[in-house]
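Asker: Got a structure here, written out as structure tokens. Questions coming.
The values are calculated or read from the model by the stated rules, or taken from the named source; none is laboratory data. Keep in mind that what you see is a predicted model, and the values were worked out from it rather than measured. When we count neighbours, we look across all protein chains shown, and the Cβ atoms used for this are built from the backbone with ideal geometry, even at glycine.
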Ligand SMILES: Cc1ncc(COP(=O)(O)O)c(C=O)c1O
């Protein structure tokens, strides 16, 4: 997938939430609202890097019967009707248990545009899985934080094929303060590295202000918790996106 | 306490190294002793490295215990067979135009390596014709069959789509370390070196080979550090990379530091009350017709083995200048031990505990509060140890400068190694105590309960390499292994990732973690430490499952016959004695903790039982 414009806006949603089959319809709404690409979350029983909102949606999704196979069916449906890039995001255990190669093969067949696996650590990826990902030509999108050492960021830059996911702060998902001066300075240090790969910022983007801030510095923003909350609060997708993008 | 060595030898080897074209006995011996995986001998008259041998050399090679490869070029089947048997080769490597049928025929007697010469027009589909080969070897095409000392373009290997692992060969020298490390083909198994490490044909430059091996293994062992066989590692979100790295560096520093060791020992002796006794139980011994000792970890300050580890980790936290300590707890023993040491050292303490456990281990919740710790209820999932651990990890992500004291040999590297290191004092004491009492170096059997596995790791540690000592991990079967209400991870689990390490995990077919059940809060966990997963999978340790009811009974029995009320966790280890052949054996049961915290559970069952009798 190529991100060659500015101000990309991506939405994360937990597949299987609020209903088992909600994703295709939500994606259609998001596409109509002008979103640039979608992250579909594969629910996991023990999502370590997530705050209460995403935990809750994952539990509901699992209770609704969401599995990787069901998700793939939904991706196929989405891909039939839409050209929107789809990135899948999930913890490593369900993917490992499904079979990494089988998973990648399916992703390739369905035209999945990238994967985010927050707990597949870089060394482990490089050592055990990189070759397999390259065989199936599925880009893995790495997370970095503002505290990630520069040589490690450079390694990530070399291995990245789609974009780099910059985690806005040291926190699980769902934090919702505005960015502190220190955070902005840390962003500027990353910006100064002039990475050759686009950077999308996620975790804690929840309104127009935070969205603007990161778009001014980087290539776009990823919004998760705020969107899932808006679903629970019955806010329309169109209104939500308009509010964020401004 | 330089106790890390036995664990390191359990690591997997990950790149295979073969040295080919050998002849000199002294060189062969040295290579065999230095960890080279395969030694290669060439049986090809046209080669400058053709093996010249006599009766004595034949016998010498026959007696080598390592993997021995004979290299042949278009020889008759009978000749290869005879040569192979004569030298008792483990592998034959075929370098000519040998047919798939020949490979298949030979594969009945040896492992077969089929070699191919690679050039820009080479069609890798040819490899598919040799499904009975164990390994392939990709060499450079040149004038001489069997090795030319030049390299081919390794990029060509991208077209190899087969699934037989291969060795890379042809002109590999000491300057290729980097390129080899960057090889990322999924079926790249190792390398074959020869002429680039020679003084003259067949005379190897041994020091250079050794340096080369070290170079190769250096960065590899770095990435693979923290593995026990296939288990372990650090499967952590990037948010935890710095804190885990910082911890690893600090742990490496104190592991062998004399000043740290002396502080640790001092506190274990004067504050915890170590060494704990190795108590000979007459009654249990009579009952089982064996010599049975109880290692009395219940007599530690705070009532369980957990404090060995919290003293170590919190001393380390102090060294690192940390002021905030967090911990998860199941039975509350680890929480109490953490709160205790934090009180001692003047540090802030927050303990995460599932609400189900807060209810069933109330006395420990009260102790933690009294000690000044904040107890944070974990409400998600099954509201037990797994969920408390999730919450602690999330808190750590949100507060990366905190020190997270994990209570068992679980979690990302370096935790399993570090916790085992601090708990290894248990078997360190057992060694001299047992010798004092029985004049025997080793027990025949060690039995310990396993939640995450820290008390078992401590009790097994110094015996891991003594194969004559049988090790038993006792798991909680809950209402029965197949009842759907169980925590018998090694029986029910499959390979997966839990709390940052690869291990055995109780999970659904979809990779969702299953909520376990045990009457004992300390064993109520759907995972098991990676060390134990490896010990059990490799057959070094056996695992036994004990039900709630069996554990209660064993706990009540010990109370009445020895006047010792064991923790419900430890009661599982005692109940396992009925399931092991003990006759005439010397046995140590690790009595990991005392049962004060479990009185309510015990008494409820006792009343029930006595009412039934009435
Ligand atoms: C007394 C006692 N024994 C055993 C355990 C189980 O832990 P591990 O397997 O790490 O020794 C616990 C845990 O809380 C415990 O309190």
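Asker: Taking the conditions exactly as written (surrounded by fewer than 19 Cβ atoms within 10 Å (Cβ to Cβ) and free of Cβ contacts under 8 Å to residues at least 40 places away in the same chain), does residue B:323 satisfy them or not?
Answerer: Numbers: surrounded by fewer than 19 Cβ atoms within 10 Å (Cβ to Cβ): yes; free of Cβ contacts under 8 Å to residues at least 40 places away in the same chain: yes.
So residue B:323 passes the test.
Asker: Can you find a residue that is touching a strand residue (DSSP E or B) at 6+ places or on another chain (Cβ under 8 Å), crowded, with 19+ Cβ neighbours inside 10 Å and within 14 Å of chain B (Cβ to nearest Cβ) anywhere in the stretch A:174-188?
Answerer: no
Asker: May I ask you to list the residues in the stretch A:106-128 that are part of a loop (DSSP other than H, G, I, E, B) and within 14 Å of chain B (Cβ to nearest Cβ)?
Answerer: The answer is A:117, A:118, A:119, A:120, A:121.
Asker: Being buried (at least 21 other Cβ atoms within 10 Å of the Cβ) and in contact with a helix residue (DSSP H, G or I) (Cβ under 7 Å, 6 or more places away or on another chain) is the filter here; which residues of the stretch A:42-67 pass it?
Answerer: Passing the criteria: A:42, A:43, A:44, A:45, A:46, A:47, A:48, A:49, A:51, A:54, A:57.
Asker: Another question, then. Any residue at all in the stretch B:246-263 that's assigned to a strand (DSSP E or B) and surrounded by 15 or more Cβ atoms within 10 Å (Cβ to Cβ)?
Answerer: no
Asker: Next up: Of (1) within 16 Å of the ligand (Cβ to nearest atom); (2) closer than 22 Å to residue B:443 by Cβ; (3) modelled with pLDDT of 95 or more, residue B:520 satisfies all except one. Which?
Answerer: Status for residue B:520: all satisfied but (2).
Asker: Shifting gears a bit: Which one of the conditions (1) part of a helix (DSSP H, G or I); (2) more than 16 Å from the ligand (Cβ to nearest atom); (3) within 14 Å of chain A (Cβ to nearest Cβ) does residue B:387 fail to meet, given that it meets all the rest?
Answerer: (2)
Asker: State whether the residues of the stretch B:398-416 include one that is assigned to a helix (DSSP H, G or I) and within 14 Å of chain A (Cβ to nearest Cβ).
Answerer: Yes, some residue in the stretch B:398-416 is assigned to a helix (DSSP H, G or I) and within 14 Å of chain A (Cβ to nearest Cβ).
Asker: Let me ask something additional. What residue, of B:476, B:468, is over 26 Å from residue B:549 (Cα atoms) and either away from chain A (no Cβ under 14 Å) or out of contact with any helix residue (DSSP H, G or I) (no Cβ under 9 Å at 6 or more places or on another chain) (or both)?
Answerer: Exactly one of B:476, B:468 is over 26 Å from residue B:549 (Cα atoms) and either away from chain A (no Cβ under 14 Å) or out of contact with any helix residue (DSSP H, G or I) (no Cβ under 9 Å at 6 or more places or on another chain) (or both), namely B:468.
Asker: Please verify whether the stretch B:564-576 includes one or more residues that are touching a residue at least 12 places away in the same chain (Cβ under 8 Å), away from the ligand (no atom under 16 Å from the Cβ) and either within 14 Å of chain A (Cβ to nearest Cβ) or in a helix (DSSP H, G or I) (or both).
Answerer: no
Asker: Turning to a different aspect of this structure: Can you pull out the strands (runs of 3 or more DSSP E) entirely within the stretch B:287-381 that have at least 2 residues that are away from the ligand (no atom under 16 Å from the Cβ), more than 14 Å from chain A (Cβ to nearest Cβ) and closer than 29 Å to residue B:263 by Cα?
Answerer: It comes to B:324-329, B:348-354.
Each row is one residue, and each column tells you yes or no for (1) modelled with pLDDT under 95; (2) in contact with a helix residue (DSSP H, G or I) (Cβ under 6 Å, 6 or more places away or on another chain).
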{"residue": "A:160", "(1), (2)": "no, no"}
{"residue": "A:165", "(1), (2)": "no, no"}
{"residue": "A:172", "(1), (2)": "yes, yes"}
{"residue": "A:191", "(1), (2)": "no, yes"}
{"residue": "A:199", "(1), (2)": "no, no"}
{"residue": "A:218", "(1), (2)": "no, no"}
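Asker: What do you reckon, is residue B:441 surrounded by fewer than 24 Cβ atoms within 10 Å (Cβ to Cβ) and touching a helix residue (DSSP H, G or I) at 6+ places or on another chain (Cβ under 8 Å)?
Answerer: Spelling it out, residue B:441 is indeed surrounded by fewer than 24 Cβ atoms within 10 Å (Cβ to Cβ) and touching a helix residue (DSSP H, G or I) at 6+ places or on another chain (Cβ under 8 Å).
Asker: Spot the failing condition for residue B:526; the list is (1) within 14 Å of the ligand (Cβ to nearest atom); (2) more than 14 Å from every other protein chain (Cβ to nearest Cβ); (3) surrounded by 24 or more Cβ atoms within 10 Å (Cβ to Cβ), and only one is missed.
Answerer: (2)
Asker: Does residue B:549 meet the test of being closer than 30 Å to residue B:600 by Cα, out of contact with any strand residue (DSSP E or B) (no Cβ under 6 Å at 6 or more places or on another chain) and assigned to a helix (DSSP H, G or I)? Break it down into steps so the answer makes sense when it comes.
Answerer: Values: closer than 30 Å to residue B:600 by Cα: yes; out of contact with any strand residue (DSSP E or B) (no Cβ under 6 Å at 6 or more places or on another chain): yes; assigned to a helix (DSSP H, G or I): yes.
So residue B:549 passes the test.
Asker: Here is a follow-up. One residue is enough: does the stretch B:254-267 have a residue meeting the conditions within 14 Å of chain A (Cβ to nearest Cβ), over 30 Å from residue B:365 (Cα atoms) and within 23 Å of the chain's Cα centre (by Cα)? Talk me through it step by step, then tell me what you get.
Answerer: So in the stretch B:254-267, the residues within 14 Å of chain A (Cβ to nearest Cβ) come out as none.
Within the stretch B:254-267, none of the residues are within 14 Å of chain A (Cβ to nearest Cβ), over 30 Å from residue B:365 (Cα atoms) and within 23 Å of the chain's Cα centre (by Cα).
Asker: In the stretch B:446-493, what residues are closer than 14 Å to residue B:505 by Cα and away from the ligand (no atom under 15 Å from the Cβ)?
Answerer: Scanning the stretch B:446-493 gives B:486, B:491, B:492.
Asker: Filter the stretch B:390-408 down to the residues that are within 16 Å of the ligand (Cβ to nearest atom) and touching a helix residue (DSSP H, G or I) at 6+ places or on another chain (Cβ under 6 Å), then identify the one that is farthest from residue A:171 (Cα to Cα).
Answerer: As a first pass, look at the stretch B:390-408 and keep what is within 16 Å of the ligand (Cβ to nearest atom): B:392, B:404-408.
Filter again for touching a helix residue (DSSP H, G or I) at 6+ places or on another chain (Cβ under 6 Å), leaving B:404-408.
Details: B:404: 16, B:405: 19, B:406: 20, B:407: 23, B:408: 25 Å.
So the residue we want is B:408.
Listed here are the residues, each with its yes/no results for (1) within 21 Å of residue B:96 (Cα to Cα); (2) assigned to a strand (DSSP E or B); (3) in contact (Cβ under 8 Å) with a residue 60 or more places away in the chain.
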site	(1), (2), (3)
B:142	yes, no, no
B:149	yes, no, no
B:162	yes, no, no
B:167	yes, yes, yes
B:181	no, no, no
B:184	no, no, no
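Asker: A follow-up question, please. When the stretch B:489-509 is examined, which residues are found to be surrounded by fewer than 20 Cβ atoms within 10 Å (Cβ to Cβ) and without any contact (Cβ under 8 Å) to a residue 40 or more places away in the chain?
Answerer: Of everything in the stretch B:489-509, those that are surrounded by fewer than 20 Cβ atoms within 10 Å (Cβ to Cβ) and without any contact (Cβ under 8 Å) to a residue 40 or more places away in the chain turn out to be B:494, B:508, B:509.
Asker: A further question on this structure: Looking for something surrounded by fewer than 21 Cβ atoms within 10 Å (Cβ to Cβ), assigned to a loop (DSSP other than H, G, I, E, B) and away from chain B (no Cβ under 11 Å) - is there at least one such residue anywhere in the stretch A:150-161?
Answerer: Within the stretch A:150-161, one or more residues are surrounded by fewer than 21 Cβ atoms within 10 Å (Cβ to Cβ), assigned to a loop (DSSP other than H, G, I, E, B) and away from chain B (no Cβ under 11 Å).
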